[in-house]
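Single-structure report; data block below.
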Amino acid sequence: MSRAGQGAAGTREWRVEVRTRWRYRLPRTGGLDGLTVIRAGVLHRLLHAGDEPVHVRVASLGPDRVLFAARARRAAAAMWAIERMRAALGVDQDLRAFHERFRHDPLIGRALRRDPGLRVLGRPEPFEALAFAICEQLIDSARAAAIKRRLIARLGRRCPHSGLRDSPPAAVLAAQAPALLRSLDLSEGRALALIQAAREVAAGRVDLYALDHERAWRRLRAIPGIGSWTVQCLALLGQGRLDQLPAGDLAYRKLVGWLRSGDPRARASECEVAEFFAPYAPWAGLAGAYALRASSPSGASRHSSVSHGAFSRAARSAFSLG
């Protein structure tokens, strides 16, 4: 770890250079919600360690070296934010076994060989993944992105020095009236589910950082409006669980339905999707990202007739497909 000079408002910059355990590339584009910004090839993200804002920048130094720089008042806040971004970006994942096992797989093998640095683009905090999954339920990606941008603009936190925004924390969402969230285009059911989930997290009854993920998932599933898709998105995108796949997503239902039947209009069931990706355990979530890549025109595979436009929110916003 190295430390740079003092900056605005008494902040300092701490830097950490990471040598990756497997080939890696940074995302080429930020998310549709505007939280992650790419400027001249450098990734920028605002996080909060408690109430302290931390501006994190991430740059690639080559195929196996990544530089993290965090500007904050305290070293502990800077290092926490760097750790969260390392987890979200999958920098420390050792994927050698996955690639060796599936590099000649008929569905995803060619995509693995073409882009060994692909990662699932996660969220730096689990609650952010949970909240945004609730916002995305049963609607198209453009509408979901618009809802998230409104939520961030209304209730998120802003750093005037960087111009970046952070997502609203659980305590803030827990205190909102359903009518306010409905004014942002959330349905009544999703507004209530988001507020109840936020209250459970803010009160400590649901610990999204605990090692026993399943305990938190069971409590969340008891909330009306939170089902398997939402919990699987939380697991994959917020808790780094590459074994979890949002099997009920329309993207996978279309893909698996077509692959199983040869009919591009076919839709597989959630159980059929889970069964289809079971041989990729314990990397079903990562295999799903590669399957979507392999089935897109840019994947240049034998499944190239399926376009990005055929896929729903998971393909367009949850994965780094740029």
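Among the residues here, A198 does not qualify as among the aliphatic types (A, V, I, L, M) and more than 21 Å from P53 (Cβ to Cβ). Would it be correct to say that L32 is in a strand (DSSP E or B) and either at pLDDT below 95 or over 17 Å from L164 (Cβ atoms) (or both)? In short, no.
Tell me whether the range 16-23 contains one or more residues that are more than 26 Å from P169 (Cα to Cα), touching a helix residue (DSSP H, G or I) at 6+ places or on another chain (Cβ under 7 Å) and either without any contact (Cβ under 8 Å) to a residue 24 or more places away in the chain or not in a strand (DSSP E or B) (or both). Checked against the condition, which is being more than 26 Å from P169 (Cα to Cα), touching a helix residue (DSSP H, G or I) at 6+ places or on another chain (Cβ under 7 Å) and either without any contact (Cβ under 8 Å) to a residue 24 or more places away in the chain or not in a strand (DSSP E or B) (or both), the range 16-23 yields at least one hit. You will find that of A177, A197, the residue that is outside the structural domain of Y24 (by TED's automatic domain parsing) and buried (at least 18 other Cβ atoms within 10 Å of the Cβ) is A197 and no other. Helices (runs of 4 or more DSSP H) fully within the range 167-215 that include at least 2 residues being more than 22 Å from the chain's Cα centre (by Cα): 178-182, 188-202. Taking first residues from the range 261-278 that are part of a loop (DSSP other than H, G, I, E, B) and partners that are small (G, A, S) and surrounded by 10 or more Cβ atoms within 10 Å (Cβ to Cβ), the Cβ contacts under 6 Å between residues at least 6 apart in sequence or on separate chains come to A266/G257; R267/G257; A268/G257. Residues that are surrounded by fewer than 17 Cβ atoms within 10 Å (Cβ to Cβ) and among the charged types (D, E, K, R) within the range 158-174 comprise just one, R158.
The values are calculated or read from the model by the stated rules, or taken from the named source; none is laboratory data. Note that this is a predicted model, so its numbers are computed, not measured. Here the Cβ is made from the backbone with ideal geometry for all residues, glycine too, and neighbour counts use every protein chain on show.
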